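The values are calculated or read from the model by the stated rules, or taken from the named source; none is laboratory data. Keep in mind that this is a model prediction, so the values were computed, not measured. Quick reminder, even Gly has a Cβ in these numbers, built from the backbone with ideal geometry, and neighbours come from all protein chains shown. The protein model used for the area step is the full one, side chains on, heavy atoms only, and it has no ligands, DNA or RNA in it. Shrake-Rupley method; radii C 1.70, N 1.55, O 1.52, S 1.80 Å.
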Amino acid sequence: MRRAVPVTAFALAGALALAGCGGGDEGSSGAELSVSGAYMPQPVSDMAAGFLTIANDGDRGARLTSVTSDLGEVTVHETSGQAMREVSSLDVPAHGSLVLESGGSHLMFEGLAERPEEGQTVSVTLHFSGLDPVEVGLPVKPATYRPTSGN
């Protein structure tokens with residue numbers, strides 16, 4: 001009988017230790033995303049651009065794979081030198097950020113269903129690989145608007 005108690009206690013302690021390890025991995029291993037500085041300059045044609053910053057305070061990187069909006073088709077572009085090209089995804093590093101800004105990576109809206117006016121807000125959904133989508137409102141600013149301190 002004395003032997004059964006230590007074996008049972010050992011088995012219980014092992015199970016608790018494993019349960020504790022599993023719970024700790026789930027809580028600290030994901031991406032923790034937030035969005036700031038979102039805006040869209042008022043479009044002057046049937047195309048528009050969108051800018052924002054996606055911060056990731058988590059321990060794992062994230063990948064922006066697409067963006068959708070009722071306003072029209074949205075693609076993700078990056079700029080290298082003087083060339084702009086569509087890309088299938090952009091990375092948001094762990095403990096880092098992805099800045100979508102004028103002259104750099106950005107959102108491109110094409111075939112606008114309507115031209116939003118200054119003061120309106122355009123809704124977009126950011127889609128990430130393996131994560132829940134993130135809804136964002138882009139306030140429409142004057143066509144010449146440039147943020148004073150980054151996005």
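Where strands (runs of 3 or more DSSP E) sit wholly within the stretch 42-151, those with at least 2 residues that are under 25 Å from GLY30 (Cα atoms) and touching a Lys or Arg at 6+ places or on another chain (Cβ under 8 Å) occupy 90-92. Do we have SER34 as within 19 Å of ALA143 (Cβ to Cβ) and surrounded by fewer than 16 Cβ atoms within 10 Å (Cβ to Cβ) here? It is false that SER34 is within 19 Å of ALA143 (Cβ to Cβ) and surrounded by fewer than 16 Cβ atoms within 10 Å (Cβ to Cβ). Taking the criterion of being open to solvent by 40 Å² or more (accessible area, probe 1.4 Å) and in contact (Cβ under 8 Å) with a residue 60 or more places away in the chain, the residues of the stretch 103-129 that qualify are GLU110, GLY111, ARG115, GLU117, GLU118, HIS127, SER129. The residues of the stretch 84-101 that are open to solvent by 20 Å² or more (accessible area, probe 1.4 Å) and touching a residue at least 60 places away in the same chain (Cβ under 8 Å) amount to a single one, ALA94. Scanning the stretch 47-83 for residues that are without any contact (Cβ under 8 Å) to a residue 12 or more places away in the chain and open to solvent by 70 Å² or more (accessible area, probe 1.4 Å) yields SER80, GLN82. Looking at VAL122, VAL87, just one residue is of a type in the set (A, V, I, L, M, F, W, C) and under 16 Å from the mean Cα position of the chain (by Cα), and that residue is VAL87.
Assessment of the stretch 136-145 against the conditions (open to solvent by 70 Å² or more (accessible area, probe 1.4 Å) and hydroxyl-bearing (Ser, Thr, Tyr)) yields at least one matching residue.
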